[in-house]
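The next block holds one structure in the form of structure tokens; read it before the comments.
Each reported figure results from applying straightforward, stated rules to the coordinates on display, with no laboratory input. This structure is a prediction, so every number in the text was calculated from the model and none was measured. All Cβ positions, even for glycine, are placed from backbone atoms using ideal geometry, and neighbour counts span all protein chains on display.
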């Protein structure tokens, strides 16, 4: 058993590296395609046949032999029609002939080009068409296998599946895929001052907003979190709920991670046999964050103030969960954006300041969102990103170029 201690604050990058080094991705499982969104593909998926499976028309118009239309105005006999979804069997384009064709239809035997409808005069009663084009072989024809040949990789292993991936997998007949299992996450709030959201709090109490914000952040990552409720400042109650949480892959705790007489989380984790990875990170807000593990279970103790808890999830928890889910790039890259208003920061710690990100003339710009304190949950509702400033940074004037970390958007 390792007891927590208050060591000098680690830099964020150091702490996050320690956390990620302690994580092994979860095993793979098979799931239906519609349940695979935001999951990491555990094996490459290859095309089961050529895509497209035959030469197909890219336009509504007429399938012709390019050699028959050496000059615009040439007339051809219309000898048939092929629509999308119909077999071209029995339809053939011979010398001086054309076949009426529709987008996606298989190009009939003998034809090697398609003339779009707008460049043809169709005389249906006479079964002829005048071609006002000089097509070259292959014009407006999607060749068999031009997207993928049978056996070629369609989606690489390690891809975090988005809507476009699912469409590609469906196109090659994969109704089920092997993906890295989603982590089971338990969320536990702590402290006698915390009351349920529906309660009318006394002046010395706060509503349990953190649990619901954390669960929503999990859902944005495609993870369903389980709320364990509120642990009071009582050893037996806290130990019982921690034991329940350690049955999950990840236990997220909020509150009780500082060094006050009633900040009991560290002691509870020590009693449960957890090994502390770090406790105390040089960031603002979120300095008291604690990371620990017991066997395969990971514990992250987040500060109780809402802005601190939200920022700690963004910086540490999200990256940890992505690695658990097999994401090869668990730490998301930052943007460089132009500051629209002055930003006041205190030197000494790297700072994550709530902000609103916009795009103007194709360039990212960012506006700080004022916060009264790290307990100002309402300020977060006006933001969608963090401005990240380093420990040595002082106040920044409008027009400065700054690092920005956008928040994750919904995936379900």
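For 140, 49, the sequence from fewest to most other C-beta atoms within 10 Å is 49, 140. For residue 275 and residue 232, the difference between the fully extended length at 0.36 nm per residue and the C-alpha to C-alpha distance is 13.2 nm.
Take every DSSP beta bridge whose two residues both sit in the chain; close to 70 percent of them are antiparallel.
Tilt of helix 209-220 relative to the longest C-alpha principal axis of the chain, in degrees (0 to 90, nearest 10)? Tilt relative to the chain: about 30 degrees. If one takes the longest principal axis of the Cα atoms in the chain, at what angle in degrees, from 0 to 90 and to the nearest 10, does the Cα axis of helix 12-21 lie? Between helix and principal axis, roughly 70 degrees. Remark: relative contact order (the chain) = 17 percent; criterion is Cα-Cα distance under 8 angstrom and separation of 6 or more residues.
What FRET efficiency, computed as 1/(1 + (r/R0)^6) with R0 = 22 Å and r the Cβ-Cβ distance, is obtained for residue 332 and residue 216, rounded to the nearest 0.05? With a Förster radius of 22 Å, E is 0.75. Listing 359, 407 from fewest to most neighbouring C-beta atoms within 10 Å gives 359, 407. Between the beta carbons of residue 118 and residue 381, assuming R0 = 60 Å, the FRET efficiency works out to 0.70 to the nearest 0.05. Once the Cα-Cα distance is subtracted from the 0.36 nm per residue extended length, the residue 401 to residue 363 segment shows a gain of 12.5 nm.
Between the alpha-carbon centres of the stretch 108-157 and the stretch 314-383 there is a gap of 49 Å. Counting 0.36 nm for each residue step from residue 17 to residue 198 and taking away their Cα separation leaves a gain of 61.3 nm.
Using a 10 Å cut-off around each Cβ, can you sort 37, 251, 76 from fewest to most neighbouring Cβ atoms? If you can, show how the numbers build up before the last one.
Numbers: 37 16, 251 29, 76 23.
Arranged by neighbour count, lowest to highest, 37, 251, 76 become 37, 76, 251.
How tilted is helix 235-245 with respect to the longest principal axis of the chain? Cα atoms for both, answer in degrees (0 to 90, nearest 10). That helix lies at roughly 20 degrees to the long axis. Compute the FRET efficiency between residue 205 and residue 29 as 1/(1 + (r/R0)^6), taking r as their Cβ-Cβ distance and R0 = 51 Å, and round to the nearest 0.05. Result of the calculation: an efficiency of 0.75.
222 nm [θ] for the chain, helices only, -39500 (n - 2.57) per DSSP H run of 4+, per residue, to 500?
Computed mean residue ellipticity for the chain: -4500 deg cm²/dmol.
When both the stretch 15-44 and the stretch 162-183 are represented by their alpha-carbon centers, they are found 14 Å apart.
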